[in-house]
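Novice: If you scroll down you'll find the structure; I have some questions about it.
The values are calculated or read from the model by the stated rules, or taken from the named source; none is laboratory data. Everything numeric here is computed off the predicted structure, so don't read it as measured data. Methodologically, a virtual Cβ is constructed for each residue, glycine included, from the backbone with ideal geometry; neighbour enumeration extends over all protein chains shown.
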Amino acid sequence: MEKIAFIGGGNMAVAIIGGLIASGWEPSRITVVDPNADQRDRLAAEHGVHITDDVATAAIADTIVLAVKPQVINALAGQMNTDLSGKLLLSIAAGVTIATLEQLFGPVALARTMPNTPALLGLGATGLYVNDHTSEVQRLEAQKIIESFGICVAVEQEELLDAVTAVSGSGPAYYFLMIEEMIKAGTALGLSREDAAALTVQTALGAATMAAQGDVPPEELRARVTSPNGTTQAAIVSMQNNAFGQIISNAMTACQTRAKELGKGQ
């Protein structure tokens, strides 16, 4: 029976573990390696998974999830010090390229991913790229793991993960900023902060749910609520006159550029 090991037991690892168990994985098939005793105990109590502080133990698993900070990867590779042939290494370490991972771990199956924080709610949007040593079976396994906590979008070129970062990796912050500013504006218009927040968040949830249904493109959804010479049109025209689209484009381009720089260690 296939086993999976997580090196690192932080928030994103917890999100993936929760998704796996919810999708049918038995906790007995999951091992978490973490140096923090309190975190290990918490994971064992809440999820019933195996826990350890011995990195080498992870090598017994078929899939090893590298759920650590990028600056820890080098030291981690030295601690593994074992034959990883036949294993699938799935990395969620931001900015660590496949080339770097291959230098550290050798010519093994590697899947590099870019998840985002809504994965904590099972609503993640994650990009996936695999190297040439990854079999189709292993690629599908990586995709299955990711889909346990949201959607998975596979890209054919690794550099496209920087675009994924700009869209979904950093994307939640854009929406949080929009919510933040709408609450401020609603309060300035006379609503209490509590009412402005409730209306803003529910509106964001409703709009996202309608867009997620997928049968109507967003531009059509927008048109349906934008009556000629109406209140919504007044707001939309104001946004367009203030280069709203260009602001979004510039922000996402800046995000992609920074992701590329981080990938080069800058």
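Novice: Restricting to region 213-223, name every residue that is in a helix (DSSP H, G or I) and either assigned by TED's automatic domain parsing to the domain that holds Gly150 or surrounded by fewer than 10 Cβ atoms within 10 Å (Cβ to Cβ) (or both).
Specialist: Start the filter on region 213-223 by keeping residues that are in a helix (DSSP H, G or I), which leaves 218-223.
Of everything in region 213-223, those that are in a helix (DSSP H, G or I) and either assigned by TED's automatic domain parsing to the domain that holds Gly150 or surrounded by fewer than 10 Cβ atoms within 10 Å (Cβ to Cβ) (or both) turn out to be Glu219, Glu220.
Novice: Is there a residue being in the same structural domain as Gly150 (by TED's automatic domain parsing), more than 21 Å from Gly150 (Cα to Cα) and more than 19 Å from the chain's Cα centre (by Cα) anywhere in region 15-27?
Specialist: Scanning region 15-27 turns up no residue that is in the same structural domain as Gly150 (by TED's automatic domain parsing), more than 21 Å from Gly150 (Cα to Cα) and more than 19 Å from the chain's Cα centre (by Cα).
Novice: Using the structure shown, decide if Ile183 is within 26 Å of Ser168 (Cα to Cα) and surrounded by 13 or more Cβ atoms within 10 Å (Cβ to Cβ).
Specialist: Yes: the conditions hold for Ile183.
Novice: Of everything in region 112-130 that's closer than 11 Å to Leu90 by Cα and of a type outside the set (D, E, K, R), which residue is modelled with the lowest pLDDT?
Specialist: Within region 112-130, the first condition is being closer than 11 Å to Leu90 by Cα, and the residues that meet it are 112-114, 128-130.
Next, only the ones that are of a type outside the set (D, E, K, R) stay: 113-114, 128-130.
Numbers: Thr113: 94, Met114: 90, Leu128: 97, Tyr129: 97, Val130: 97.
Looking at residues that are closer than 11 Å to Leu90 by Cα and of a type outside the set (D, E, K, R), I get Met114.
Novice: Tell me, which helices (runs of 4 or more DSSP H) wholly within region 101-212 include 1 or more residues that are closer than 30 Å to Gly78 by Cα and either among the acidic types (Asp, Glu) or out of contact with any Gly (no Cβ under 6 Å at 6 or more places or on another chain) (or both)?
Specialist: Output list reads 136-147, 160-164.
Novice: Okay, moving on. Using beta carbons and a limit of 7 Å, which pairs, at least six apart or on different chains, have the first residue in region 227-252 and closer than 18 Å to Ala185 by Cβ and the second one among the hydrophobic types (A, V, I, L, M, F, W, C) and surrounded by 11 or more Cβ atoms within 10 Å (Cβ to Cβ)?
Specialist: Listed by first residue and then by second, the contacts come to Thr232/Val225.
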